[in-house]
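Since the structure comes first, as structure tokens, the remarks are kept for the end.
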Amino acid sequence: FVCLLVAAGQRGAPSVLIQPFEQAFGWDRGVISTSASLGILCYGLMGPFAAALMQRFGIRHVIMSALAVMSIAIGASYFMTQTWQLILLWGLVSGVGSGCVALVLAATIVARWFSTRRGLIMGLMTASTATGNLIFNPGLAWIAQHHGWQPVALVIAAATAVLIPVVFFLLPEWPSDAGLRRY
């Protein structure tokens, strides 16, 4: 849930960065929106590939890798100066990373850990998308308004990076790995 929450916050961040990017770089809203749209497209298209990667390499490894990709891409954007860097980092790379931490993660967890109440658990997991936007966007907007866009990038990069050890230590692949049975 927390990984989905942070991924949703990261995916929604470009909406609060349109004006700061315009002010800092003089970039056109169309270019900024193109980057955000590419990120959403990659986010959606990654689902089947993320599921295959989770089957092959395990949930933990895929999620840690995706969080690292997201953190590096958004962190590297701190140094961007050109629109192609925005499109590459916020659009393509972070879109691919966040696409691995998407609803396919929720579906995989629900399928592995629950034999009853799957609908309820899936609903809770998918609620993290809206919740992530509700939690992160006001804070990120405040940071952007008072301190500029670069601290926003650092906050997002740090939030995703902090989750990597959490996933490593607290996300077992299967209930049996934690000495439990499916609920």
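Report, to the nearest whole %, how much of the accessible area of the range 135-183 belongs to carbon and sulfur atoms, 1.4 Å probe, protein only. C and S atoms contribute 69 percent here. Taking every C-alpha pair closer than 8 Å and separated by at least 6 residues, the mean separation divided by the residue count of the range 10-90 gives a relative contact order of 35 percent.
Each Lys and Arg contributes +1 and each Asp and Glu -1, all at the Cβ; summed about the Cα centre of the chain, the dipole is approximately 640 debye.
When only C-alpha pairs under 8 Å and at least 6 residues apart count, what is the relative contact order of the range 45-142, in percent? Before the final figure, lay out each step's value.
Working: 64 pairs, mean separation 29.8, N = 98.
That works out to 30 percent.
Membrane-span-like helices of the chain, defined as complete DSSP H segments with a Cα extent of 18 Å or more along the helix axis and a mean Kyte hydropathy of at least 0.0, are identified as 29-45, 59-76, 118-147, 149-170.
Calculate log10 I(q)/I(0) of the range 80-183 for q = 0.17, 0.23 Å⁻¹, where I(q) comes from the Debye formula with a single equal point scatterer on each Cα and nothing for solvent. Cα-only, vacuum Debye calculation for the range 80-183: -0.98, -1.37. Roughly how many Å is it from the Cα centre of the range 32-100 to that of the range 120-183, as a whole number? First find each Cα centre; the distance between them is then 15 Å. When every Cα-Cα distance of the chain is counted in 10 angstrom steps from zero, the calculated P(r) takes the values 10, 38, 33, 14, 5, 0 percent. Of the peptides 155-166, 67-78, 128-139, 90-101, the order by per-residue mean of other Cβ atoms within 10 Å, starting with the highest, comes out as 90-101, 67-78, 155-166, 128-139.
Excluding ligands, DNA and RNA, what is the solvent-accessible area per residue of the chain at a probe of 1.4 Å, expressed in Å²?
Values: 9110 Å² over 183 residues.
Per residue, the chain has 50 Å² of solvent-accessible surface.
Surface composition of the range 82-127: carbon and sulfur atoms hold 73% of the protein heavy-atom accessible area at a 1.4 Å probe.
With only Cα atoms counted, the range 12-84 has Rg and Dmax values of 14.9, 44 Å.
The values are calculated or read from the model by the stated rules, or taken from the named source; none is laboratory data. Small disclaimer: the values here were computed from a predicted structure and weren't measured. Note that each Cβ is placed from the backbone with ideal geometry, even for glycine, and that neighbours are counted across all protein chains shown. All accessible areas refer to the heavy atoms of the entire protein, side chains included, with ligands and DNA or RNA removed. Shrake-Rupley method; radii C 1.70, N 1.55, O 1.52, S 1.80 Å.
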